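Colleague: One structure, as structure tokens, below. Some questions next.
The values are calculated or read from the model by the stated rules, or taken from the named source; none is laboratory data. Computed from a predicted model, the values in this text were never measured in an experiment. No Cβ is skipped: glycine too gets one built from the backbone with ideal geometry, and neighbour counts run over all protein chains shown. Please note that ligands, DNA and RNA were not included when accessible areas were found on the heavy atoms of the full protein model with its side chains. Shrake-Rupley method; radii C 1.70, N 1.55, O 1.52, S 1.80 Å.
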Amino acid sequence: GADRVHGTYVDTGLMREGETEFVRANFSGLGAKSFEVEDARAQFLGALEGLTAPEAKRHAIGEEFVRVQQRILESEHYLDGHWVLGQGTIYPDTIESGGTAKADLIKTHHNRVAGIQKLIDEGKIVEPLASFYKDEVRAVGRQLGLPDALLDRHPFPGPGLAIRCLCSDESGVAEQLPEGWKLPVRSVGVQGDSRTYRAALAVPEFPASDEEAASLINRMENINRIIVTVWTADDPSKMQSVPSFLTEERLERLRHADAVVRKLTLESGFDDEVWQFPVVLIPFGTPGRPDSVVLRPIHSVDGMTASAVRMSDALLEQITHELRQISGIGGVFYDITNKPPGTIEWE
Ligand code: XMP
């Protein structure tokens, strides 16, 4: 009942623009009596300092969630230890974290790290949605009478913008191939039940058909993603990646780019046509504009497979025009990779 539920929203500093206010307004709208916002921004940024590997970032975030939760429970002396932690884990989180008999580890979801596993073993975690896919979760929510504004939102990953802000601990340049530029940036993909971690290929224009795009990726070695070059500040031969980390400056750059894209897609109605639309920052650019933005609109039913979606030329032009104004952004690319062989997120 409402008296016994304590809601805590952890502000990790990795959320989208306006998210904390949105959650605050909606949680009280649901009739919960106790709700707090825990400001843990400095703590998360500190834990992520210097990390570049996707799995290292994911583990750091998951473990930090456990620490924040322990701190809250201890400081409040909640119920003398008579508490259980509710998590919104859904079925794909378990599969992709390597938690079923057949599946390899694709990505460790934040709710499946060691600290959480220990609490699960102690019987301290309830996960009412753990056997459902995302479309089923929405159906359950509809039966419970939750507002459409919540149910129809695009999914957003627990580790937030951290896994959409790619990092690198080395410098690199793009390599010219007959098909396009092989970028010095790697992303996570999936092949059968296995994880891949390979470079992205930037082609000069949209392939004529989906079949052409699919056949291109199938014949490319060491590539798991194809992106179309929409705009670059300089010739790709003169662009590079330099050591880049999860700094406040880069997160703010991504947050700004994401907000611009969300505003324009909402206004144009494109937001309703797609299942999810990650906006990704990659460390590839010029000395004055060190990062590029990748647009990743996809269609899916349950997130387990996905297809890339095209937007109108007019909308793409408008988005690109706005992104070019953001300081530090040196390129705009459009991801046309299906899942498999890509994943929806880049990390
Ligand atoms: P991928 O990138 O694996 O993502 O194709 C499939 C779906 O899962 C979301 N996702 C996550 N959600 N915690 C979450 O709550 C996570 O750690 C996480 N990682 C990926 C992703 O946004 C997509 O909808």
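Colleague: Does any residue of region 180-190 turn out to be on the phi > 0 side of the Ramachandran plot and of a type in the set (Gly, Ala, Ser)?
Modeller: yes
Colleague: Of all residues in region 296-325 being within 21 Å of residue 247 (Cα to Cα) and in contact with a strand residue (DSSP E or B) (Cβ under 8 Å, 6 or more places away or on another chain), which is surrounded by the most Cβ atoms within 10 Å (Cβ to Cβ)?
Modeller: Within region 296-325, the match that is surrounded by the most Cβ atoms within 10 Å (Cβ to Cβ) is 323.
Colleague: All but one of (1) in contact (Cβ under 8 Å) with a residue 12 or more places away in the chain; (2) farther than 29 Å from residue 97 by Cα; (3) among the hydroxyl-bearing types (Ser, Thr, Tyr) hold for residue 209, so report the exception by its number.
Modeller: Residue 209 satisfies every listed condition except (1).
Colleague: Going by the conditions given, is residue 56 closer than 30 Å to residue 192 by Cβ and either in a helix (DSSP H, G or I) or modelled with pLDDT under 90 (or both)?
Modeller: Considered against the rule, which asks whether it is closer than 30 Å to residue 192 by Cβ and either in a helix (DSSP H, G or I) or modelled with pLDDT under 90 (or both), residue 56 comes out as yes.
Colleague: Restricting to region 290-342, and then to whatever is within 16 Å of the ligand (Cβ to nearest atom), in contact with a Lys or Arg (Cβ under 7 Å, 6 or more places away or on another chain) and not in a strand (DSSP E or B), can you tell me which residue is nearest to residue 261 (Cα to Cα)?
Modeller: 337
Colleague: Say we look at region 119-136 and pick out the residues that are in a loop (DSSP other than H, G, I, E, B) and acidic (Asp, Glu); which of these is surrounded by the fewest Cβ atoms within 10 Å (Cβ to Cβ)?
Modeller: 122
Colleague: If you check residue 14 against the conditions, is it open to solvent by 30 Å² or more (accessible area, probe 1.4 Å) and in contact with a helix residue (DSSP H, G or I) (Cβ under 9 Å, 6 or more places away or on another chain)?
Modeller: no
Colleague: In region 106-118, is there at least one residue being closer than 20 Å to residue 5 by Cβ and either open to solvent by less than 30 Å² (accessible area, probe 1.4 Å) or among the aliphatic types (A, V, I, L, M) (or both)?
Modeller: Yes, the conditions are met somewhere in region 106-118.
Colleague: List every residue pair whose Cβ atoms sit under 6 Å apart, with the two residues 6 or more apart in sequence or on different chains, where the first one lies in region 231-248 and is more than 15 Å from residue 201 (Cβ to Cβ) and the second, anywhere, is of a type in the set (Val, Ile, Thr) and assigned to a loop (DSSP other than H, G, I, E, B).
Modeller: 233/286; 234/286
Table: residues versus (1) in contact with a strand residue (DSSP E or B) (Cβ under 8 Å, 6 or more places away or on another chain); (2) over 30 Å from residue 66 (Cα atoms).
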site: 144; (1), (2): no, no
site: 152; (1), (2): no, no
site: 156; (1), (2): no, no
site: 166; (1), (2): yes, no
site: 178; (1), (2): no, yes
site: 188; (1), (2): yes, no
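Colleague: Determine which single condition residue 47 fails, assuming it passes every other condition in (1) touching a residue at least 60 places away in the same chain (Cβ under 8 Å); (2) crowded, with 18+ Cβ neighbours inside 10 Å; (3) away from the ligand (no atom under 15 Å from the Cβ).
Modeller: (1)
Colleague: Additional query: Only residues that are within 15 Å of the ligand (Cβ to nearest atom) and free of Cβ contacts under 8 Å to residues at least 40 places away in the same chain: list them for region 108-135, please.
Modeller: 117
Colleague: Now a separate question. Looking only at strands (runs of 3 or more DSSP E) that lie completely in region 151-269, which have at least 2 residues being within 16 Å of the ligand (Cβ to nearest atom) and open to solvent by less than 20 Å² (accessible area, probe 1.4 Å)?
Modeller: Result: 180-191, 194-203, 223-232.
Colleague: Does residue 139 satisfy being surrounded by fewer than 17 Cβ atoms within 10 Å (Cβ to Cβ), at pLDDT below 90 and not polar (S, T, N, Q)?
Modeller: The answer is no for residue 139.
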